[in-house]
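Asks: Could you have a look at this structure, given as C-alpha cells, before my questions?
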Ligand code: DCP
Ligand code: CA
C-alpha cells in the first residue's frame, strides 16, 4: 500500500530561503495494480478492471483501470457498489508481492543513470529522482524523463506518468496534469498558472486541511502562497509554514535515501473466502497459496522467517491460531507449507456443518539473507526461486508453481 507521508520539516529545511535551480522528476505508475493485471492477462486489456476485494463482490476497490474510471468506478468504492455502476466490471483480488517488486526492479536500473542517493522510492508506485547532477537545463531534463519512461516500458511493459520541476512538491503536482502516460513540466515562470489551482492539489493538503484553509479564506495555491505567514503559523504551527513555502514553490526538501526505508518486522497474508470450505483438499490449496504469497514477499525483501502462525476462522468458533518455531529461518514455500500443514492438523477438523471462512498466515522473527536459497543441508533440491518469481511477475501467477507433496 502506498505510504503517503507529509513532507516533514525534518526533511524540509524550512530555514533555507533559496537554492540554485535543481531538477526533480516524480514518477507515478498509471492505475498501478489494474495496469499490472492487464499486462499479465491480455484478455483484460481495454476492459474495465478493478483490483481489491476477494475477486467477487466483497471488499473495496483499491484501484481500477482507466476504462473503469470512464464508466464511473472510483478507488475506495465497495466492489458491490462499483458493479452496480458498471456491471461489466471485472473485479480481481489484490496480489501484493507482484506489485511491490516492480518499482524495486526499475529503481535498481536507475542506479546506472543517476547516483544512488538521488533516488527515493516514495510509495509502492511512486518515486522521485533528483536529476541535478546529470542534466544542465530543462531541455536536457525532459530528454532524460523521456528516456526513463521508455526504460520502464521496455523493462516492465507498463506506463508511468512523470512530472518535472525545480522542487519535489511541484514535480509531484506536475505528474497529475497528464495521466496516463504523461510528461508535464512546471518551470519557475509557470507559477502564475499554478497559483490558480485549488490548494488541495498540493502535496500535504488533504481534505481536512483543505477545510481548515477554507476557513482562513484560502482556496487556491496562490491564496496559500500569498497568505499571512502568522495566520497559517497560528492555525497549523510549523506545518503551516511549510505548506506556505510549498505553495510558493520554495520546497527545499531533498531526496530521502534508503536509510529511511521501513524495516519489516513480520509478513502476513489473510484470505477470507466468499464460500466457507470444509474439505481438506480445499484447505490444503488455500494454505499452499497463502504460503507461496508470503514466501515471495520475504524473498523480495531478502528476508527469511522463523516463527510461523496459522490462523483460521471457523463460522462458529471465531478466530483460532497455532504457531511453531522453525529450526532455521526460511523463505522456501516447501518448508512453510510443511510447517503450516503441521499446524493445521492441530485445529479441530472442519466438517460440512463446521466450515472455515478465513485462512491467515503470519511470520515473525525475520532474518536477512543474502541469496534466494538458504539451506545447504536440505534434503530436497534447491529451487531456482529467483527465476520462478521472475516468470510469475512477467506472465502471471498461474504460469508456474512449485510441486508440493500433499501431506
Ligand atoms: N492503493 C491502495 N489503497 C488506496 C489507494 C491505492 O491499495 N487507498 C493501491 C492501488 C494503486 C496503488 O496503490 O494501484 C497506487 O495508488 P495511486 O493512488 O497512485 O493510484 P493508481 O496508480 O491506481 O492510479 P493513478 O493512475 O491515478 O496514479
Ligand atoms: Ca499511481
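Nothing in this text is a laboratory measurement; each read-out follows from the coordinates by a stated rule. On a predicted model such as this, the values are computed, not experimentally measured, just so you know. FYI the Cβ positions are ideal-geometry reconstructions off the backbone, even for glycines, and counts take in every protein chain you see.
Asks: If a/c stays under 1.5 just call it rounded; otherwise compare a/b with b/c (prolate if a/b is bigger, oblate if not). Do that for the chain, with a ≥ b ≥ c from the square roots of the Cα gyration tensor eigenvalues.
Replies: prolate
Asks: What is the calculated FRET efficiency for residue 248 to residue 177, with r their C-beta to C-beta distance and R₀ = 22 Å, to the nearest 0.05?
Replies: 0.70
Asks: Quick one: of the DSSP bridges fully inside the chain, what percent are antiparallel, nearest 5?
Replies: 85 percent
Asks: Okay, moving on. Averaged over all directions, how much area does the convex hull of the C-alpha atoms of segment 114-174 cover when projected, in nm²?
Replies: That works out to 4.2 nm².
Asks: Right, another one. So what is the 222 nm mean residue ellipticity for the chain from helices alone, if each DSSP H run of at least 4 adds -39500 (n - 2.57) and you divide by all residues, rounding to the nearest 500 deg cm²/dmol?
Replies: It lands at -10500 deg cm²/dmol.
Asks: Please identify, among 342, 26, 230, the residue showing maximal mean-square fluctuation in a Gaussian network model of the chain using a 10 angstrom Cα cutoff.
Replies: Comparing 342, 26, 230 in a Gaussian network model of the chain, the most mobile one is 230.
Asks: Please compute the Cα-Cα pair-distance distribution of segment 32-96 with 5 Å bins starting at 0, giving whole percents from short to long.
Replies: P(r) over segment 32-96, rounded to whole percents: 4, 23, 36, 24, 11, 1.
Asks: Counting residues in segment 189-259 as N, plug N into 2.2 N^0.38 Å and put the Cα Rg over that result.
Replies: Values: Rg = 12.2 Å, N = 71, 2.2 N^0.38 = 11.1 Å.
Normalised Rg, Cα atoms only: 1.10.
Asks: For helix 96-110, report the angle its Cα long axis makes with the longest principal axis of the Cα atoms of the chain; keep it between 0 and 90° and round to the nearest 10°.
Replies: Taking the Cα atoms of the chain, the angle to 96-110 is about 50 degrees.
Asks: Then there is this: Determine, from the Cβ-Cβ distance of residue 75 and residue 196 and an R0 of 25 Å, the FRET efficiency 1/(1 + (r/R0)^6), rounded to the nearest 0.05.
Replies: With a Förster radius of 25 Å, E is 0.45.
Asks: Order these peptides, 298-306, 165-173, 40-48, by their mean beta-carbon neighbour count within 10 angstrom, highest first. Could you put the intermediate results ahead of the total?
Replies: Numbers: 298-306: 20.1, 165-173: 25.6, 40-48: 14.8.
In descending order of packing, they fall as 165-173, 298-306, 40-48.
Asks: How far is helix 280-300 tilted off the main Cα axis of the chain, in degrees rounded to 10, range 0 to 90?
Replies: 40 degrees
Asks: Using a Gaussian network model of the chain whose springs link C-alpha atoms within less than 10 Å, name the residue from 292, 322, 281 with the highest mean-square fluctuation.
Replies: 281
Asks: From Cα pairs below 8 angstrom and at least 6 apart in sequence, can you work out the relative contact order of the chain, rounded to a whole percent? Please list the in-between numbers first.
Replies: On the way: 714 pairs, mean separation 61.0, N = 407.
Relative contact order of the chain: 15 percent.
Asks: Where does helix 138-156 land angle-wise versus the long Cα axis of the chain, in degrees 0 to 90, nearest 10?
Replies: With rounding to tens, the tilt is 10 degrees.
Asks: While we're here: Using Cα pairs under 8 angstrom and six or more residues apart, how large is the relative contact order of segment 30-93, in percent? Before the final figure, lay out the partial values.
Replies: Working: 130 pairs, mean separation 22.0, N = 64.
Over segment 30-93, the number comes to 34 percent.
Asks: Name the residue, out of 148, 60, 320, whose mean-square fluctuation peaks in a Gaussian network model built on the chain with Cα pairs under 10 Å.
Replies: Highest fluctuation among the options: 320.
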